[in-house]
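**Q** Pasting a structure here, questions to come.
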Amino acid sequence: MTFLQIEAFHDGITYLDNSATTKPCPTAVQRMNKALCENWGNPSSLHRLGVVAELDMDAARGLLAQKLARKDKEVYFTGGGTEANNIALRGAAYAGRRRGNKIVVTAVEHPSVLETAAALEREGFRVVRLAPGSDGRVPAAALEEAIDEKTVLVSVMYVNNETGAVQPVEAAAAAIRRKKAPALLHSDCVQAFGKLPVRPARLGADLVTVSAHKIHGPKGVGALYVSEKARVVPILFGGGQEKGLRPGTESAPLIAGFRGALEELPEPGPALAAITRLRDYTEERLLATGQVQINSAPDALPYILNFSCPGLRSEILLHDLEAADVFVSSGSACAKGKGSYVLRAQGLSDRLADSAIRVSFSRYNTESDADALAEAVAASAARRRRA
């Protein structure tokens, strides 16, 4: 495909897969270009080029810390959300293993949390996986029951990446305090950051993961908030960058792009109200087709809307929509087409889970995108059911 063909490909499409990734915003692109073409020094170098690159990186760190309402020194840049989750879980588990060996996670976490927990389980940790209710939320009572004096780590995502269910992070923090557990609380806030106020102190979280490419920044860069009171041991070793927690030369251009995305990030309140109206309109249009069942709970984060077309497999509908230039997903991009363990965990039948589609919005979406989606779904269902 030539450059001109790529440009034409993007004209007129309806992109509703923003939980997988978002289009980089203009300020992110501008800052990346400047970092690549002008401020391209190594941030660890002591000469002027290195100092300029380091100052740019410090500005990004400071802005992210401001968004989190925390201190600059508590923010560590990583290669993305997956790396941050690995550092958080392994680092916290190893740091606490003399005080206990129990880890509590939800059964609907991102694969980078669930697979890391499984690896720790093979090393001798005891892992408890808590199932959600039919609304996709893990009951606060289940957290209370699971956490005890041997629990060294609890990981509860803030917003589920497939259904938008908002998880009870604050309840997990309260349970840790009541049980006097030595646990650190980690929250994967990749899908929440920029959409809800993410304040680690308010959530009671010691560790928080965020990612740039979910907020119109570049792929390949994320960050881990680590409370200055929390002890996390390194799992990577090298030149000592990021105070030794994430060694290796920082990707200054990607961090610059992260800064640009943060600069364009609107306040969550007004943006959330607009997205709620768009979600409600989209749901109405989909239900009007007579082909759809909504899987996301009414109180889920409105940026994500999960629905099923019973009897029509996700993969078939996905490609029919793509042919109509409507781009959605069948679940987490990291699952690469595997069935949704999230929907099955909350009790959906195989028939509904196998026909599930995830729609995810950004601030750039409009009602015309919802119209295009509903029309494409109706056309696909009519054509497939006649066949």
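The values are calculated or read from the model by the stated rules, or taken from the named source; none is laboratory data. All of these numbers come straight from a predicted model, not from anything done at the bench. So basically every Cβ, Gly included, is an ideal-geometry build from the backbone, and we count neighbours across all protein chains shown. We work out accessible area using only protein heavy atoms, side chains counted, and drop any ligands, DNA or RNA first. Shrake-Rupley method; radii C 1.70, N 1.55, O 1.52, S 1.80 Å.
**Q** Farthest toward the dipole's positive end in the chain, which of Val377, Val108, Ala252, given Cβ charges of +1 (Lys, Arg) and -1 (Asp, Glu) about the Cα centre?
**A** Working it through, the farthest residue towards the positive pole turns out to be Val108.
**Q** May I ask what percent, to the nearest 5, of DSSP beta bridges between residues of the chain are antiparallel?
**A** Working: 18 of 37 bridges.
DSSP beta bridges in the chain are roughly 50 percent antiparallel.
**Q** Where does the range 234-312 land on Rg(C-alpha)/(2.2 N^0.38 Å)?
**A** Against the empirical 2.2 N^0.38 Å value, I get 1.79 for the range 234-312.
**Q** May I pose another question? Over all distinct Cα pairs, what is the inverse of the mean 1/r for the range 166-287, reported as the Kirkwood hydrodynamic radius in Å? If you can, show how the numbers build up before the last one.
**A** Values: mean 1/r = 0.0598 Å⁻¹.
About 16.7 Å for the range 166-287.
**Q** Given a Förster distance of 45 Å, report the FRET efficiency between Glu375 and Glu149 from their Cβ-Cβ distance, rounded to the nearest 0.05.
**A** On the way: r = 57 Å, r/R0 = 1.26.
Efficiency computed from Cβ-Cβ geometry: 0.20.
**Q** Please work out the average accessible area per residue across the range 257-345, using the 1.4 Å probe convention, and give it in Å². Before the final figure, lay out each step's value.
**A** On the way: 3900 Å² over 89 residues.
Accessible surface, normalised per residue, equals 44 Å².
**Q** Counting only protein heavy atoms and using a 1.4 Å probe, what share of the accessible area of the range 80-162 belongs to carbon plus sulfur, as a whole percent? Walk me through the numbers before you get to the answer.
**A** On the way: 1390 of 3040 Å².
Of all accessible area on the range 80-162, carbon and sulfur atoms account for 46 percent.
**Q** Hey, what did the range 72-148 get for relative contact order, percent, Cα under 8 Å, at least 6 apart? Can you show the working numbers first?
**A** Numbers: 62 pairs, mean separation 21.2, N = 77.
Reported relative contact order: 28 percent.
**Q** Hey, got the dipole for the range 1-141? About the Cα centre, +1 on K and R Cβ, -1 on D and E Cβ, debye to the nearest 20?
**A** 860 debye
**Q** What nm value, rounded to one decimal, do you get for the distance between Ala382 and Ile316 when each label is placed 7 Å out toward the C-beta?
**A** Using points 7 Å along Cα→Cβ, the separation is 1.7 nm.
**Q** Mind jotting down the distance between the C-alpha centroids of the range 278-312 and the range 141-207, whole Å?
**A** Using only Cα atoms to place each centre, the spacing works out to 27 Å.
**Q** Now, a different point. If I require 20 Å or longer along the helix axis, counting alpha carbons, and a Kyte-Doolittle average no lower than 0.0, what helices from the chain are left? Use full DSSP H segments. Display every interim value, and only then the final one.
**A** Values: long enough: 48-68 (30 Å, 0.42); 81-96 (22 Å, -0.06); 268-288 (29 Å, -0.16); 367-386 (29 Å, -0.56).
Those that pass (Cα extent of 20 Å or more, hydropathy at least 0.0) are 48-68.
**Q** Per residue, how big is the convex hull around the C-alpha atoms of the range 235-371? Give it to me in cubic angstrom, could you?
**A** Working: hull volume 23.6 nm³, N = 137.
In the range 235-371, the Cα hull volume divided by residue count equals 173 Å³.
**Q** Would you work out the charge dipole size for the chain about its Cα centre, treating the Cβ of every Lys and Arg as +1 and the Cβ of every Asp and Glu as -1, and quote it to the nearest 20 debye? Provide the component values of the computation, followed by the final result.
**A** Details: 47 positive and 43 negative charges, 279 e Å.
That gives a dipole near 1340 debye.
**Q** Would you please put 40-48, 242-250 in order of how densely packed they are, using the mean number of other Cβ atoms within 10 angstrom per residue and starting with the highest? Write out the running numbers ahead of the final one.
**A** On the way: 40-48: 13.4, 242-250: 16.7.
Highest to lowest by the protection proxy: 242-250, 40-48.
**Q** Which aspartates and glutamates have a Cα lying under 18 Å from the Cα of Lys73, excluding residues fewer than 8 positions away in the same chain?
**A** Once the sequence-local aspartates and glutamates are set aside, what remains near Lys73 is Glu54, Asp56, Asp58, Asp206, Glu228, Glu242, Glu250.
**Q** Greater than 26 Å separation of Cα atoms is the criterion. Which listed pairs, Lys71/Lys150; Lys71/Lys195; Lys102/Lys195; Lys67/Lys150; Lys71/Lys219, meet it? Walk me through the intermediate numbers first.
**A** Numbers: Lys71/Lys150 30 Å; Lys71/Lys195 21 Å; Lys102/Lys195 32 Å; Lys67/Lys150 33 Å; Lys71/Lys219 24 Å.
From the list (Lys71/Lys150; Lys71/Lys195; Lys102/Lys195; Lys67/Lys150; Lys71/Lys219), the Cα-Cα distance tops 26 Å for Lys71/Lys150; Lys102/Lys195; Lys67/Lys150.
**Q** Continuing with the same structure: Can you find, among Val152, Gln241, Ala212, the residue sitting farthest towards the positive end of the charge dipole of the chain, where Lys and Arg contribute +1 and Asp and Glu -1 at Cβ?
**A** It is Val152.
**Q** Consider all pairwise Cα distances in the range 17-121 and report the whole-number % of them above 17 Å. Numbers along the way, then the final one.
**A** Numbers: 3788 of 5460 pairs.
Result: 69 percent of Cα pairs exceed 17 Å.
**Q** Taking the inverse of the average 1/r across all pairs of different Cα atoms in the range 91-142, what Kirkwood radius in Å do you get? Working shown, then result.
**A** Values: mean 1/r = 0.0847 Å⁻¹.
Radius from the Kirkwood sum: 11.8 Å.
**Q** How much of the accessible area of the range 245-358, in percent, comes from carbon and sulfur atoms when a 1.4 Å probe is used?
**A** Details: 2480 of 4750 Å².
Of all accessible area on the range 245-358, carbon and sulfur atoms account for 52 percent.
**Q** If you don't mind, another one. Rounded to a whole number of µm²/s, how large is the Stokes-Einstein D of the range 60-148 at 37 °C and 0.692 mPa s, given Rh as the Kirkwood radius over C-alpha pairs?
**A** Numbers: Rh = 14.8 Å.
Taking Rh from Cα pairs, D becomes 222 µm²/s.
**Q** Any idea what log10 I(q)/I(0) is at q = 0.08, 0.13, 0.14 Å⁻¹ for the chain, Debye with uniform C-alpha scatterers and no solvent?
**A** Log-scaled intensity ratios, in q order: -0.43, -1.08, -1.22.
**Q** Could you tell me how many cubic angstrom of Cα convex hull volume the range 346-387 has per residue?
**A** Numbers: hull volume 3.6 nm³, N = 42.
Convex hull of Cα atoms, per residue: 85 Å³.
**Q** Order of 121-133, 27-39 by packing, highest average Cβ count within 10 Å first? Working shown, then result.
**A** Numbers: 121-133: 15.4, 27-39: 18.2.
Highest-to-lowest ranking by the protection proxy: 27-39, 121-133.
**Q** With every protein chain left in place, what is the accessible area of Tyr158 in Å² (1.4 Å probe, nearest 10)?
**A** So the heavy atoms of Tyr158 present about 30 Å² to solvent.
**Q** Per Stokes-Einstein, at 10 °C and 1.306 mPa s, what whole-number D in µm² s⁻¹ belongs to the range 138-221, with the Kirkwood radius over Cα pairs as the hydrodynamic radius? Present the calculation step by step, with values, prior to reporting the outcome.
**A** On the way: Rh = 13.3 Å.
For the chosen part, D equals 120 µm²/s.
**Q** Rounded to the nearest 500, what is the chain's calculated 222 nm mean residue ellipticity when only DSSP H runs of at least 4 contribute -39500 (n - 2.57) each, over all residues?
**A** Details: 14 runs with 164 residues, N = 387.
Roughly -13000 deg cm²/dmol at 222 nm, from the helical runs in the chain.
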